[in-house]
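Shown next, in structure tokens, is the structure this report addresses.
The values are calculated or read from the model by the stated rules, or taken from the named source; none is laboratory data. Keep in mind that this is a model prediction, so the values were computed, not measured. Heads up, the Cβs are rebuilt from the backbone with ideal geometry, glycines too, and the neighbour counts pull from every protein chain shown.
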Amino acid sequence: MNKSDKPVGIITGGSRGVGAATAKLLASKGWNVTITCTSSIEDANNIVKECEELGAEALAISADVGDNEACINTAKETIAKWGRIDAVICNAATMPLISFESTTPETWEEILGSNLTGVYNTIKASWDQLKRDGGGHCISIASRASLLGFVNEVAYCASKHAIEGFTKALAMESEKHNIAVNTMGPGKHIKPTSVTRKEAEAMSEHEQSKWIDPIQLAPAFIWLISQPPSKYTGLRFDAGKITDTIDTEGYEFKFTPEKTTFYVQDLIERLAERQKWTENPI
């Protein structure tokens, strides 16, 4: 098995939205990418073609992140093609707006299966290869629901809160392997996808006019995976804030919490907590 000279990323839910935008930007930066989807493999194949036009190699796989065997297969196919994994971006998610009383056990399992178990499955499947390659990055998608509660989002909020706990704990275990584990929230409303369309329908045209294209958030993921894995781990960032900073100061900006998240106090507290256990203080 030959090892690619280019870094390799896996992006779940990569056929549209932020996942597709990030895949294409990674391709333009010299990365090879695997993207997974559960809806249209045709959409995923179109993203592959766009990545190839940018000079990268790319692979599209139909895979439900809630299915552990599917995630194992994604990692195996990626390793078979390129011999390495450098970054895993867990972008796949589901977000039905549904009250607690209307949430059936099946709906609960579906939402947590995609949003939480899917993160575990995806990272777990790539873990050994990340270790063999000397480290890398794992990024899961956060949101306001990672820190706050919202009506008709009980299961979604539970899954997003849980991902933050997962991230904090795994970062403590992964540091010795030089693997960074972080979350990235949009930080801004993005144009509706299958996940956010119902939320958009409840908003006025004026509110919707403020939504941005997902491609505008992709630079934040490039910034984070360009950092040494030992530098930032166990943290939560906001892509909208980071891209605003990149727009004014470039990718090499001097880090402060205020430049990388809208939830500044949360990041300050995490950084302080990190100093207690890390061997690599910022």
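Check region 145-157 and report whether any residue there is touching a Lys or Arg at 6+ places or on another chain (Cβ under 6 Å) and among the small types (Gly, Ala, Ser). Let's see the steps before the verdict.
First pass over region 145-157, keeping only residues touching a Lys or Arg at 6+ places or on another chain (Cβ under 6 Å): 145-146.
Applying the additional criterion that residues be among the small types (Gly, Ala, Ser) yields 145-146.
Scanning region 145-157 turns up at least one residue that is touching a Lys or Arg at 6+ places or on another chain (Cβ under 6 Å) and among the small types (Gly, Ala, Ser).
Quick one: count up the residues across region 183-195 that are surrounded by 17 or more Cβ atoms within 10 Å (Cβ to Cβ) and either of a type in the set (S, T, N, Q) or modelled with pLDDT of 95 or more (or both).
Counting residues in region 183-195 that are surrounded by 17 or more Cβ atoms within 10 Å (Cβ to Cβ) and either of a type in the set (S, T, N, Q) or modelled with pLDDT of 95 or more (or both) gives 3.
Take the residues in region 105-142 that are more than 19 Å from ALA171 (Cα to Cα) and surrounded by 19 or more Cβ atoms within 10 Å (Cβ to Cβ); name whichever of them is farthest from the chain's Cα centre (by Cα). Spell out how you get there, then give the answer.
Kept after step one, since they are more than 19 Å from ALA171 (Cα to Cα), are these residues of region 105-142: 105-114.
With the extra rule that they be surrounded by 19 or more Cβ atoms within 10 Å (Cβ to Cβ), the set shrinks to 111, 114.
Values: ILE111: 17, SER114: 13 Å.
Among residues in region 105-142 that are more than 19 Å from ALA171 (Cα to Cα) and surrounded by 19 or more Cβ atoms within 10 Å (Cβ to Cβ), the one farthest from the chain's Cα centre (by Cα) is ILE111.
Filter the helices (runs of 4 or more DSSP H) completely within region 207-282 down to those with at least 2 residues that are at pLDDT below 95 and loosely packed, with under 15 Cβ neighbours inside 10 Å. Break it down stepwise before answering.
Values: elements: 218-225, 239-249, 264-277.
Hits in region 207-282: 264-277.
So which residues in region 247-268 are of a type in the set (Val, Ile, Thr) and closer than 21 Å to GLY234 by Cβ, if there are any at all?
Taking region 247-268 and keeping what is of a type in the set (Val, Ile, Thr), we get 248, 256, 260-261, 264, 268.
Once the filter is applied, which keeps residues that are of a type in the set (Val, Ile, Thr) and closer than 21 Å to GLY234 by Cβ, region 247-268 yields THR256, THR260, THR261, VAL264, ILE268.
Restricting region 196-206 to residues that are surrounded by fewer than 17 Cβ atoms within 10 Å (Cβ to Cβ) and out of contact with any Leu (no Cβ under 7 Å at 6 or more places or on another chain), which is modelled with the lowest pLDDT? Full working, then the answer.
Of the residues in region 196-206, the ones surrounded by fewer than 17 Cβ atoms within 10 Å (Cβ to Cβ) are 197-206.
Next, from what is left, pick out any that are out of contact with any Leu (no Cβ under 7 Å at 6 or more places or on another chain): 197, 200-206.
Values: ARG197: 53, ALA200: 57, GLU201: 62, ALA202: 63, MET203: 63, SER204: 66, GLU205: 65, HIS206: 62.
Restricting to residues being surrounded by fewer than 17 Cβ atoms within 10 Å (Cβ to Cβ) and out of contact with any Leu (no Cβ under 7 Å at 6 or more places or on another chain), the top hit is ARG197.
ALA60 - would you say it is within 26 Å of GLU110 (Cα to Cα) and modelled with pLDDT of 95 or more?
yes
Kindly provide the set of residues from region 120-149 that are in a loop (DSSP other than H, G, I, E, B) and either closer than 17 Å to GLY19 by Cβ or in contact with a Cys (Cβ under 6 Å, 6 or more places away or on another chain) (or both), ordered by number.
First pass over region 120-149, keeping only residues in a loop (DSSP other than H, G, I, E, B): 133-135, 142-143, 147-149.
Passing the criteria: ALA142, SER143, GLY149.
Identify the residue in region 23-46 that is at pLDDT 95 or above, under 27 Å from LEU112 (Cβ atoms) and of a type in the set (S, T, N, Q) and, among all such residues, is surrounded by the fewest Cβ atoms within 10 Å (Cβ to Cβ).
The residue in question is THR34.
From LYS49, LYS76, which residue is charged (D, E, K, R), under 22 Å from ASN121 (Cα atoms) and surrounded by fewer than 24 Cβ atoms within 10 Å (Cβ to Cβ)?
Of the residues listed, the single one that is charged (D, E, K, R), under 22 Å from ASN121 (Cα atoms) and surrounded by fewer than 24 Cβ atoms within 10 Å (Cβ to Cβ) is LYS76.
Results for (1) within 17 Å of ASN91 (Cβ to Cβ); (2) of a type in the set (Phe, Trp, Tyr); (3) modelled with pLDDT of 95 or more, shown as yes or no for each residue.
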position	(1), (2), (3)
ASP133	no, no, yes
CYS138	yes, no, yes
ALA145	yes, no, no
PHE150	no, yes, no
ILE163	yes, no, yes
ASN178	no, no, yes
VAL181	yes, no, yes
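Test of understanding: among THR256, THR260, which residue is free of Cβ contacts under 8 Å to residues at least 60 places away in the same chain, touching a helix residue (DSSP H, G or I) at 6+ places or on another chain (Cβ under 8 Å) and β-branched (Val, Ile, Thr)? Steps first, please.
Details: THR256 fails: touching a helix residue (DSSP H, G or I) at 6+ places or on another chain (Cβ under 8 Å).
Criteria check complete, one pass: THR260.
Being of a type in the set (A, V, I, L, M, F, W, C), closer than 30 Å to LYS3 by Cβ and under 14 Å from the mean Cα position of the chain (by Cα) is the filter here, so list the residues in region 85-104 that pass it.
Taking region 85-104 and keeping what is of a type in the set (A, V, I, L, M, F, W, C), we get 85, 87-90, 92-93, 95, 97-98, 100.
Adding the requirement that they be closer than 30 Å to LYS3 by Cβ leaves 85, 87-90, 92.
Result: ALA87, VAL88, ILE89, CYS90, ALA92.
Provide a single number: the residues in region 123-171 that are of a type in the set (Phe, Trp, Tyr) and within 19 Å of SER102 (Cα to Cα).
The initial filter retains those residues of region 123-171 that are of a type in the set (Phe, Trp, Tyr), namely 127, 150, 156, 166.
This time we only want the ones that are within 19 Å of SER102 (Cα to Cα), so: 150, 156.
Of the residues in that region, 2 qualify.
Yes or no: region 83-96 includes at least one residue that is more than 18 Å from ALA145 (Cβ to Cβ), without any contact (Cβ under 8 Å) to a residue 60 or more places away in the chain and surrounded by fewer than 17 Cβ atoms within 10 Å (Cβ to Cβ). Don't jump to the end; show me each part of the working.
Within region 83-96, the first condition is being more than 18 Å from ALA145 (Cβ to Cβ), and the residues that meet it are 83-89.
Imposing the further condition that a residue be without any contact (Cβ under 8 Å) to a residue 60 or more places away in the chain reduces the set to none.
No, region 83-96 contains no residue that is more than 18 Å from ALA145 (Cβ to Cβ), without any contact (Cβ under 8 Å) to a residue 60 or more places away in the chain and surrounded by fewer than 17 Cβ atoms within 10 Å (Cβ to Cβ).
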